[in-house]
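Remarks on the structure that follows.
The values are calculated or read from the model by the stated rules, or taken from the named source; none is laboratory data. On a predicted model such as this, the values are computed, not experimentally measured, just so you know. Positions of Cβ are generated from backbone atoms using ideal geometry, with glycine treated the same way; all protein chains shown enter the neighbour counts. Accessible surface is based on the protein model in full, side chains and every heavy atom, while ligands, DNA and RNA are left aside. Shrake-Rupley method; radii C 1.70, N 1.55, O 1.52, S 1.80 Å.
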Amino acid sequence: MAERRWQWFHRLASPPGFYRVSGRWLPWLAGTSLALLAVGVVWGLLYAPPDARQGNSYRIIFLHVPASFLALAGYYVMAAAGAIHLIWRVKLADVVMSAAAPLGAALTFLALFSGSLWGKPTWGTYWVWDARITSMLVLLFLYLGVVTLRQAYASRETAGRACAVLALVGTVNIPIIYKSVDWWYSLHQPATIRLTAAPSMHPDMFQPLVVMILAFYLFYAWVLVLNVRAEILVRERRAGWVRDLAGEGESE
Amino acid sequence: MLPSSPPLLAFCALSFERNDRLLFERVEGAVHGGDILQVVGANGAGKTTLLRILATLLTPTQGELRWCGGLLPRARASYLAELAFLGHVPGLKPGLSPRENLRWLAGLFAQRDAIEEALAAVGLAKWFDTPCAQLSAGMQRRVALARLALTRARLWILDEPLTAIDRAGVAVVEQLFRSHLQSGGAIIFSSHQAVDLPGVKYLALTES
Amino acid sequence: MRSPNPEPEALPSLATGFAALLRRDLLLAWRRRGEAANPLWFFAMITALVPLAVGPEPALLARLAPGMVWILALLGTMLAADSLFREDYVDGALEQLVLSPQPLWVLVLARVTAHWLVTGVPITLASPLLAGWLALPAGGVPMLVAGLALGTLTFCLFAAVGGALTVALGAGNVLRPLLVLPLYVPVLIFGTAAVARALEGGDGSAPLALLGAITAVTLAIAPVAAAAALRVGIDG
């Protein structure tokens with residue numbers, strides 16, 4: 001019994017096995033994430049009521065909040081993959097990690113960018129040293145560290161393990177950084193509007209936000225799987241199964 | 001030594017691959033106490049890489065290493081306690097004298113307290129307190145070799161130990177090797193030079 | 001040569017390994033004491049540039065002083081951190097550290113301790129003087145010194161992780177500070193807050209205690225992380 005479970009695990013953890021299995025997930029991930037995105041965008045932008053104080057400008061949170069969620073969650077995905085690679089030497093985990101790093105950095109940038117767009121009508125300026133934005137900026141730096149470290153190494157094996165160590169150190173420190181930035185912000189609290197905490201939002205705004213968060217999670221999973229598959233093909237381009245795959249493509 | 005006892009270090013089916021470039025594959029060998037193994041091969045054949053793998057500084061892409069029958073890296077602690085490795089660069093601080101260098105190394109490895117004796121044995125009696133930066137490359141290598149005689153390592157892994165060493169020095173090194181082998185130790189080393197010792201076995205790396 | 005020995009030499013204890021490496025590094029620093037003073041010079045010279053850049057008004061300088069001194073201390077320790085493992089890598093000593101039967105994190109800790117004694121401690125001791133240049137009121141000085149003592153140690157620990165990760169990547173690599181600077185954020189926040197509170201007449205011990213907690217956590221994880229990074233980084 002246990003043996004069979006391991007067999008299953010090994011098949012999934014081997015790059016060709018994952019490539020084959022994940023191919024079956026793609027239509028489902030693509031379909032559900034695009035459908036939820038469509039529902040969330042239309043609901044949030046067209047049907048949710050305008051905010052009493054901020055008018056329509058608040059609607060950027062339908063992009064900003066899910067992106068911030070995924071930016072942080074993406075770091076943990078990356079670090080967990082790094083740990084699996086470091087401890088059990090699972091090759092696939094390194095592929096996941098290398099795909100998750102730029103993806104997470106992009107989401108963090110999106111969160112920062114949307115946050116600053118939202119800041120203009122709200123605070124009258126594109127950049128405010130708000131706790132949330134500052135933490136997001138530090139997170140972006142952490143991501144960029146992992147991305148650049150991987151590029152700096154000539155050897156892929158070394159790069160993967162070095163990035164894993166860095167990501168794990170970052171993981172331990174992220175809660176400390178977030179808490180300290182919150183604390184710092186409370187010291188210098190300016191008299192501006194704080195982002196409304198989610199639970200106290202009106203349900204008509206909150207529900208489309210939940211849909212968008214869910215859609216972003218699925219979208220993230222979809223893009224991650226696509227990137228992982230592409231990276232597997234690059235890394236295994238010399239392997240027989242990839243050549244067979246390419247041969248099939250040509251003959252079709 | 002019983003004939004049935006496992007070799008000190010055995011390695012089988014070692015292959016190493018970097019960025020899709022296969023450096024070598026299916027390399028195997030073993031050393032028992034009293035064995036001396038010379039790794040030979042053209043430049044770029046992977047001699048240094050192989051020695052670094054044997055010293056657990058690098059992880060092979062495939063294959064396994066066994067120390068006294070125990071699989072590495074699990075047996076790493078007992079392995080490191082009996083391993084002496086000398087790399088391409090001798091591992092000495094240029095700002096410290098030979099005596100000071102051997103002293104800090106004594107804090108890291110099990111080492112006999114006979115530093116001056118060992119330095120004198122490799123012909124450095126006059127240079128105990130000269131900073132290593134002022135010694136020639138060959139003399140620095142002798143300092144590093146002097147440390148080998150002080151450790152209780154049973155296995156020596158030496159990357160090009162004869163580089164920069166003059167003819168008189170080679171005789172000193174051979175004497176060092178001989179007494180290590182006689183006391184039941186084993187040596188794996190790489191060199192383009194042949195050493196004048198009986199029973200040297202060869203491991204040839206050819207480019208794959 | 002070894003067979004006449006009735007029993008093989010015992011492995012040196014952890015404390016012996018730690019002490020041997022610490023002594024080695026302090027001896028090396030002493031031999032090159034001119035070079036060892038560089039971070040301190042850097043710290044002092046940049047401090048002198050601040051009034052030139054923002055103007056000599058004492059009120060403005062006093063307002064900037066806690067943050068400035070902290071940032072300069074950060075830069076001072078970072079400047080010197082490049083040699084943390086790099087030299088050992090170049091002269092081959094790092095191979096011996098990694099292959100020592102001693103746990104590598106103990107050796108990393110010895111290396112960091114020496115580095116802190118040579119850079120962090122002088123900067124901490126010089127900080128009251130330089131804070132005086134920046135017109136920091138005397139009330140803030142005790143918190144500044146206490147905070148910097150803890151903070152520079154934490155900086156050195158993080159720098160060790162960054163140095164270990166980039167050890168094979170070439171000298172003067174600009175990547176190393178980029179990797180670890182984000183981790184300095186909490187230290188900077190609590191360190192400057194402790195001084196600011198003391199200046200307002202309040203009690204700075206709460207942020208100082210938080211800073212101490214961060215130092216303790218870093219002390220626990222950074223040597224292990226740096227050791228893991230060295231094992232990875234040594235093969236370039």
Fill in the blank from the handout: Classified through the alpha carbon gyration tensor (a ≥ b ≥ c as square roots of its eigenvalues; rounded if a/c is under 1.5, else prolate when a/b is larger than b/c, else oblate), the stretch B:25-125 comes out prolate
Exercise for the section: Could you give me the radius of gyration and the Dmax of the protein assembly as shown, taking only the C-alpha atoms into account and expressing both in angstrom? Expected result: 29.6, 94
Completion exercise
So for R0 = 22 Å, FRET eff. of A:Val21-B:Arg21 from the Cβ-Cβ r, to 0.05, ends up at 0.15
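Based on the Cα gyration tensor of the stretch C:164-204, what are the three equivalent ellipsoid semi-axes, each the root of five times an eigenvalue, rounded to whole Å and given largest first?
Values: eigenvalues 244, 12, 8 Å².
Taking √(5λ) for each Cα gyration eigenvalue gives 35, 8, 6 Å.
Report the Stokes-Einstein translational diffusion coefficient (µm² s⁻¹, integer) for the stretch C:97-208, Rh taken as the Kirkwood radius over Cα pairs, at 25 °C with viscosity 0.890 mPa s.
Numbers: Rh = 15.6 Å.
It comes out at roughly 157 µm²/s.
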Practice task
Quickly work out the C:Leu52-to-C:Leu14 label distance, labels modelled 7 Å from Cα along the C-beta direction, and quote it in nm with one decimal.
Solution key: 4.9
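Whenever you get a sec, compute what percent of the accessible area on the protein assembly as shown sits on carbon and sulfur atoms (1.4 Å probe). Before the final figure, lay out each step's value.
Numbers: 19750 of 30560 Å².
C and S fraction of accessible area: 65 percent.
Using a 1.4 angstrom probe on the protein heavy atoms only, line up A:Tyr178, C:Tyr184 by accessible area, largest first. Each step should come with its number before you reach the end.
Working: A:Tyr178 60, C:Tyr184 5 Å².
Most to least solvent-accessible, the answer reads A:Tyr178, C:Tyr184.
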Practice task
From other protein chains only, count the Cβ atoms within 10 Å of every residue's Cβ in B:109-116, then give the mean.
Solution key: 3
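Averaged across B:143-156, how many Cβ atoms of other chains sit within 10 Å of each residue's Cβ atom? Could you put the intermediate results ahead of the total?
Values: counts 0, 2, 0, 0, 1, 1, 2, 3, 3, 8, 2, 2, 0, 0.
Across B:143-156, the average partner-chain Cβ count within 10 Å equals 2.
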Exercise for the section: For the stretch B:131-196, state what percent of all Cα-Cα pairs lands in each successive 10 Å bin, counting from 0 Å until the bin that includes the largest distance. Expected result: 20, 56, 23, 2
Handout entry: Considering only the protein assembly as shown, percent of DSSP beta bridges that pair antiparallel, nearest 5
Key = 45
Exercise for the section: Using Cα positions and a limit of under 15 Å, work out the aspartates and glutamates in reach of A:Lys91, with same-chain residues fewer than 8 apart set aside. Expected result: A:Glu157, A:Glu231, A:Glu236, B:Glu17, B:Asp20
Practice task
Compute the long axis of helix A:156-187 from its Cα atoms, compare it with the longest principal axis of the Cα atoms of chain A, and write down the angle in degrees, 0 to 90, nearest 10.
Solution key: 10
Completion exercise
For the pair A:Leu46 and A:Asp182, the simple spin-label estimate (label points 7 Å beyond Cα toward Cβ) gives in nm 3.8
Practice task
Using Cα positions and a limit of under 23 Å, work out the lysines in reach of B:Lys201, with same-chain residues fewer than 8 apart set aside.
Solution key: B:Lys47
Handout entry: Accessible heavy-atom area order of A:Ser33, B:Ser78, highest first, probe of 1.4 Å
Key = B:Ser78, A:Ser33
Exercise for the section: Answer rounded, prolate or oblate for the stretch A:27-251, using the Cα gyration tensor with square roots of eigenvalues a ≥ b ≥ c: rounded when a/c is under 1.5, else prolate when a/b is larger than b/c, else oblate. Expected result: oblate
Practice task
Could you please state, rounded to a whole Å, how far the C-alpha centre of the stretch C:12-79 is from the C-alpha centre of the stretch A:46-75?
Solution key: 45
Handout entry: Label-point separation, C:Leu27 to B:Gln62 (7 Å along Cα→Cβ), nm
Key = 4.8
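Stokes-Einstein diffusion coefficient for the stretch A:123-163 at 10 °C in a medium of 1.306 mPa s, Rh from the Kirkwood formula over Cα pairs: what value in µm²/s?
On the way: Rh = 12.0 Å.
D, rounded to a whole number, is 132 µm²/s.
What ranking of B:Phe24, A:Phe113 comes out by heavy-atom accessible area, probe 1.4 Å, highest first?
Numbers: B:Phe24 5, A:Phe113 105 Å².
Largest accessible area first, the residues go A:Phe113, B:Phe24.
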Fill in the blank from the handout: Distance in Å, no decimals, from the C-alpha centre of the stretch B:116-144 to the one of the stretch C:122-153 is 46
Handout entry: Amide N of the stretch B:94-126 lying under 20 Å from the label point, which is placed 7 angstrom from the Cα of B:Val170 along Cα→Cβ
Key = B:122-124
Completion exercise
One checks the Cα atoms of chain C and finds Rg and Dmax, in Å, of 19.7, 77
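For chain B, which semi-axes, largest first and in whole Å, follow from the square roots of 5 times the eigenvalues of its Cα gyration tensor? Walk me through the numbers on the way to the answer.
Values: eigenvalues 159, 72, 56 Å².
Over the Cα atoms of chain B, the semi-axes work out to 28, 19, 17 Å.
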Problem - Theoretical FRET efficiency, 1/(1+(r/R0)^6), r = Cβ-Cβ of A:Ala38 and A:Leu12, R0 25 Å, to 0.05 - result: 0.20
Problem - Values of log10 I(q)/I(0), in the order q = 0.14, 0.19, 0.28 Å⁻¹, for the stretch B:91-152 under a Debye, Cα-only, solvent-free model - result: -0.30, -0.57, -1.28
Problem - Helical mean residue ellipticity (222 nm; -39500 (n - 2.57) per DSSP H run of 4+; nearest 500) of chain A - result: -28000 deg cm²/dmol
